[in-house]
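Student: One structure, pasted below without further comment.
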Amino acid sequence: MHYFKKITYKQRIFYALLLLGCALSIFFVHHNEQFYDRPIAEILKVKVTESEPITDMYENEDMLYTQQIKAVLKNGQHKGKTIDLTNDYSSSGAFDQEYNVGNEIFVAIDAHSKQSELTGTILDLKRDQTIMMIAWIFILVLLIIGKRQGLFAIISLVVNACILTLALDLYVKHGSLNLLFISGVCVLLFTVISLLLISGLNTKTYASIISTLLGTMIALIISTAVMWLTGENGLRYEEMQFLTRPYRTVFMAGLFIGSLGAVMDVAITMSSSIFALYEQDSRISLQALKASGQEIGKDIMGTITSILFFAYICGSIPMVILYLKNSSTLGLTLSLNLSLELARALAGGIGVVLTIPISQYTAIFFINRKRVKE
């Protein structure tokens, strides 16, 4: 109760509008079928008509099921009519999935089906309801815990997502542009916008921006030099085989942007900690600041590096399991699925380690300048 008494009238209005927007957006995604060009159907009845075991070339057994589905169309010229669908899925669910009553699905209506007995095929599951609910949970938690900084973090995330989308669209439409140059511009914009919105216009932010850019650039230069010296031995680009653009350039651009997040986190943590120590005691010696910065760096170095490793590796776990289940050797499985992820994690780790002393000495440099002016 004491917390709610501190909430001002403007804050109450803001939270009320936020909850209203949450309710309206969730209601909208549950009734937005008319805004889609593709036919959407809601499943009314599901019946499993048969199941049989199947065996692959490696003698692994899987179960194959067939669903007879009756659904009602929610949009298009056949809105309100029922449609009969068939879905085959396996117990492993590697390339297919099971559908249940109440699911909304994208369908393709057979051109030769009768008007009274429509038939078709299932294209995909409509997932915007789930995505919207997860997005609102993320937003509300961020605002409740972060308050003003949480709001700016959301704004920063939206702005950065728009910048990245525009940059990729520009590269796709104009293939002659250098992707690394576009990525460099994006990194600069991401860093400046994110740190200015979250930390504001102050010396701590300036130190964080400089440290982030230096750490990211040095990590990219070292990674490029190592790849050149080793001839890229051990890197498997099979997952990029369908690209019509230079896959090495695409990989380097992803490595450039991917390492930015961890480097930025380290830079702002180091700068904030050192400036906080200075604000608590403006007479603190430079040696004490250096010692404190080194201790903070040691504490965050291992955790941030581990976070990078887990973040890159977790996306490959399903494919690793699939390869191992089909009797692929461990060495082949890891080299095919984890070589690029490990390279990204190592490049980000290099950036993290280098950013710790860079952030430390950059923050101390700005503090020293501030003392001289005083």
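The values are calculated or read from the model by the stated rules, or taken from the named source; none is laboratory data. Bear in mind the structure is a predicted one, so any value in this text is a computation, not a measurement. Cβ atoms come from the backbone with ideal geometry, glycine included; neighbour counts cover every protein chain shown.
Student: Anything in the stretch 21-34 that is part of a helix (DSSP H, G or I), surrounded by fewer than 12 Cβ atoms within 10 Å (Cβ to Cβ) and either over 27 Å from the mean Cα position of the chain (by Cα) or not aliphatic (A, V, I, L, M) (or both)? List them, or say none. Lay out the reasoning, then the answer.
Tutor: First, the residues of the stretch 21-34 that are part of a helix (DSSP H, G or I): 21-29, 33-34.
Keeping just the survivors that are surrounded by fewer than 12 Cβ atoms within 10 Å (Cβ to Cβ) gives 23-24, 27, 34.
Hits for the stretch 21-34 are Phe27, Gln34.
Student: Turning to a different aspect of this structure: Out of the residues in the stretch 257-309 that are touching a Lys or Arg at 6+ places or on another chain (Cβ under 7 Å) and polar (S, T, N, Q), state the one that is surrounded by the fewest Cβ atoms within 10 Å (Cβ to Cβ).
Tutor: At the first step, the residues of the stretch 257-309 found to be touching a Lys or Arg at 6+ places or on another chain (Cβ under 7 Å) are 258, 271-272, 275.
If we keep only those that are polar (S, T, N, Q) too, we end up with 271-272.
On the way: Ser271: 28, Ser272: 18.
If we take residues in the stretch 257-309 being touching a Lys or Arg at 6+ places or on another chain (Cβ under 7 Å) and polar (S, T, N, Q), then Ser272 is surrounded by the fewest Cβ atoms within 10 Å (Cβ to Cβ).
Student: Further question on the same structure: Search the stretch 320-347 for residues that are assigned to a helix (DSSP H, G or I) and pair each with any residue that is of a type in the set (Ser, Thr, Tyr) and exposed (fewer than 15 other Cβ atoms within 10 Å of the Cβ) when their beta-carbon atoms are under 6 Å apart and the residues are at least 6 apart or on different chains.
Tutor: none
Student: Out of (1) modelled with pLDDT under 85; (2) outside any loop (DSSP other than H, G, I, E, B), the odd one out for Ile7 is which?
Tutor: Answer for Ile7: the failing condition is (2).
Student: Something else now. Of the residues that sit in the stretch 334-374 and are more than 24 Å from the chain's Cα centre (by Cα) and at pLDDT below 80, which one is nearest to Arg248 (Cα to Cα)?
Tutor: Lys370
Student: Same structure again: Select from the stretch 311-332 the residues that are among the β-branched types (Val, Ile, Thr), exposed (fewer than 12 other Cβ atoms within 10 Å of the Cβ) and under 25 Å from the mean Cα position of the chain (by Cα) and list them in ascending order.
Tutor: Across the stretch 311-332, the qualifying residue is only Ile317.
Student: OK, next. Within the stretch 59-171, which strands (runs of 3 or more DSSP E) (wholly inside it) include 3 or more residues that are farther than 20 Å from His30 by Cα and hydrophobic (A, V, I, L, M, F, W, C)?
Tutor: Counting at least 3 such residues, we get 61-73.
Student: Among the residues of the stretch 242-256, how many are surrounded by fewer than 18 Cβ atoms within 10 Å (Cβ to Cβ) and out of contact with any Ser or Thr (no Cβ under 9 Å at 6 or more places or on another chain)? Break it down stepwise before answering.
Tutor: Step one: list which residues in the stretch 242-256 are surrounded by fewer than 18 Cβ atoms within 10 Å (Cβ to Cβ), which gives 242-250, 254.
After this cut, where a residue has to be out of contact with any Ser or Thr (no Cβ under 9 Å at 6 or more places or on another chain) as well, the list is 242-250.
Residues that pass the stated criteria total 9.
Student: OK, next. Scanning for something in contact with a Ser or Thr (Cβ under 9 Å, 6 or more places away or on another chain), loosely packed, with under 14 Cβ neighbours inside 10 Å and either part of a helix (DSSP H, G or I) or not assigned by TED's automatic domain parsing to the domain that holds Leu260 (or both), does the stretch 362-370 turn up at least one residue? Full working, then the answer.
Tutor: Pass one, the stretch 362-370, residues in contact with a Ser or Thr (Cβ under 9 Å, 6 or more places away or on another chain): 362-363, 366-367, 369-370.
From what is left, the residues that are loosely packed, with under 14 Cβ neighbours inside 10 Å are 369-370.
Retained after the next criterion (residues that are either part of a helix (DSSP H, G or I) or not assigned by TED's automatic domain parsing to the domain that holds Leu260 (or both)): 369-370.
Taking every residue of the stretch 362-370 in turn, at least one turns out to be in contact with a Ser or Thr (Cβ under 9 Å, 6 or more places away or on another chain), loosely packed, with under 14 Cβ neighbours inside 10 Å and either part of a helix (DSSP H, G or I) or not assigned by TED's automatic domain parsing to the domain that holds Leu260 (or both).
Student: Does Asn87 satisfy the criteria of being crowded, with 18+ Cβ neighbours inside 10 Å and polar (S, T, N, Q)?
Tutor: Considered against the rule, which asks whether it is crowded, with 18+ Cβ neighbours inside 10 Å and polar (S, T, N, Q), Asn87 comes out as yes.
Student: If I ask for residues that are touching a helix residue (DSSP H, G or I) at 6+ places or on another chain (Cβ under 6 Å) and not polar (S, T, N, Q), which ones from the stretch 95-130 would you list?
Tutor: Asp128
Student: How many of the residues in the stretch 274-291 are in a helix (DSSP H, G or I) and over 14 Å from Phe366 (Cα atoms)? Spell out the reasoning first.
Tutor: Taking the stretch 274-291 as the starting set, the residues that turn out to be in a helix (DSSP H, G or I) are 274-280, 286-291.
Imposing the further condition that a residue be over 14 Å from Phe366 (Cα atoms) reduces the set to 280, 287-288, 291.
Residues flagged as in a helix (DSSP H, G or I) and over 14 Å from Phe366 (Cα atoms) within the stretch 274-291 amount to 4.
Student: Being modelled with pLDDT of 70 or more and of a type in the set (Phe, Trp, Tyr) is the filter here; which residues of the stretch 220-243 pass it?
Tutor: Trp228
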